[in-house]
Amino acid sequence: EVQLVETGGGLVQPGRSLKLSCVASGFTFNNYWMSWTRQAPGKGLEWVASITNSGGSTYYPDSVKGRFTISRDNAQNTLYLQMNSLRSEDTATYYCTRDYYDGYPLIGVMDAWGQGASVTVSS
Amino acid sequence: DIQMTQSPASLSASLGETVSIECLASEDIYSNLAWYQQKPGKSPQLLIYYASSLQDGVPSRFSGSESGTQYSLEINSLQPEDEGDYFCQQSYKFPLTFGSGTKLEIK
């Protein structure tokens, strides 16, 4: 069974940092691109970051570029999101997601989601 | 960035009815369109990818179609468990973008 379990969420002051982790199980982690997507309370979905299966390339929207860093440890089957210079508008549930792969990747198609980690940025 | 305009924002329908949700892409995304369902208090789940391919385990009453830059999700024979939020998303190019969502209520 595919499982993605996020940890590391919490309450943080504006301008501070937080690091989320996502432990993956039930599939061959190093075959898959991975992503983070967030959802502000009562709002829609916003893609936050993606990383290739090897970790060699990363992608971000302008809203987080330069502040957030996605990384992975394939030996530990773990995905990370380092969030710096946090703002109130970063308050959201952060989902770890797996990109579709069936012999070839369908980049950006999120076929598995974690339960989410809640991040609140407030003084 | 590619804008995804989703409609309607909310929808109320009865058991057994058929409903349709639309997404209009601001440019050609060459069928790189996915649909997700999010039940209350749960994480989103992939329903359809590449505009019309049904994800494993998703009931066949869900279907996707396209016409130019307009994409549609149709749900036939509505069931109580279909209540929730539905989002479209383009995966043609970064930044990945989502529609604003449709809240489906089952009467």
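Read-outs: derived from the displayed coordinates by stated rules, not from any lab. Keep in mind that this is a model prediction, so the values were computed, not measured. Cβ coordinates were reconstructed from backbone atoms using ideal geometry, including for glycine residues, and neighbour counts include every protein chain displayed.
Taking the Cα centre as origin and putting +1 on Lys and Arg beta-carbons and -1 on Asp and Glu beta-carbons, what dipole magnitude results for chain A, to the nearest 20 debye? Mind dumping the intermediate values first?
Values: 9 positive and 10 negative charges, 87 e Å.
Using only the charged Cβ atoms, the result is roughly 420 debye.
Run the numbers on the range A:37-98 and let me know its relative contact order in percent, using alpha-carbon pairs under 8 Å that are six or more apart.
Contact order relative to length: 35 percent.
Once you have the Kirkwood Rh of chain B from its Cα pairs, apply Stokes-Einstein at 10 °C and 1.306 mPa s and quote D in µm²/s. Please list the in-between numbers first.
Numbers: Rh = 13.6 Å.
So the translational diffusion coefficient is about 117 µm²/s.
Counting only other chains, what is the mean number of Cβ atoms within 10 angstrom of the Cβ of each residue in peptide B:38-46?
Counting other chains' Cβ atoms within 10 Å and averaging over B:38-46 gives 4.
Show me, bin by bin at 5 Å from 0, the whole-percent P(r) of the range A:73-123 based on Cα pairs.
Reading upward from the zero bin: 5, 16, 19, 21, 18, 12, 6, 2, 1, 0.
Which three numbers, in whole Å and largest first, are the semi-axes of the equivalent ellipsoid of the protein assembly as shown derived from its Cα gyration tensor as √(5λ)?
29, 20, 17
Kindly put B:85, A:102 in sequence by how many other C-beta atoms sit within 10 Å of each C-beta, fewest to most. Provide the component values of the computation, followed by the final result.
Working: B:85 19, A:102 8.
So the residues, fewest neighbours to most, are A:102, B:85.
Would you work out the charge dipole size for the protein assembly as shown about its Cα centre, treating the Cβ of every Lys and Arg as +1 and the Cβ of every Asp and Glu as -1, and quote it to the nearest 20 debye?
Numbers: 15 positive and 23 negative charges, 168 e Å.
So the dipole magnitude of the protein assembly as shown works out to roughly 800 debye.
Residue by residue through A:104-114, how many Cβ atoms from other chains fall within 10 Å of the Cβ on average?
6
Once you have all Cα-Cα distances for chain A, histogram them in 10 Å bins from zero and send the whole-percent values.
14, 49, 30, 6, 0
Ranked highest first by the average count of other Cβ atoms within 10 Å around their residues, in what order do A:115-121, A:93-99 fall?
A:93-99, A:115-121
Considering chain A as a Gaussian network with a 10 Å cut-off on Cα pairs, which listed residue, A:26, A:15, A:103, attains the greatest mean-square fluctuation?
Among A:26, A:15, A:103, the largest mean-square fluctuation in the Gaussian network model of chain A belongs to A:103.
Could you work out the Rg to Rh ratio of the range A:45-111, with Rh taken as the Kirkwood radius (inverse of the mean 1/r over all Cα pairs)? Write down the numbers at each step before the final one.
Numbers: Rg = 12.5 Å, Rh = 13.0 Å.
Using only Cα positions, Rg/Rh for the range A:45-111 is 0.96.
Specify the inter-centroid distance of the range B:36-106 and the range A:50-123, based on alpha-carbon positions, in whole Å.
21 Å
Among all cysteines in the protein assembly as shown, which have no other cysteine Cβ under 4.7 Å from their own Cβ?
When partners are defined as cysteine Cβ atoms under 4.7 Å apart, the protein assembly as shown leaves no cysteine without one.
How many Cβ atoms of partner chains, on average, are near each residue of A:44-56 if near means within 10 Å of its Cβ?
3
Fewest to most neighbouring Cβ within 10 Å: what's the order for B:86, A:101?
Values: B:86 24, A:101 17.
Listing B:86, A:101 from fewest to most nearby Cβ atoms yields A:101, B:86.
Fewest first, what order do B:66, A:1 take by the number of other Cβ atoms within 10 Å?
Fewest-to-most ranking of B:66, A:1: A:1, B:66.
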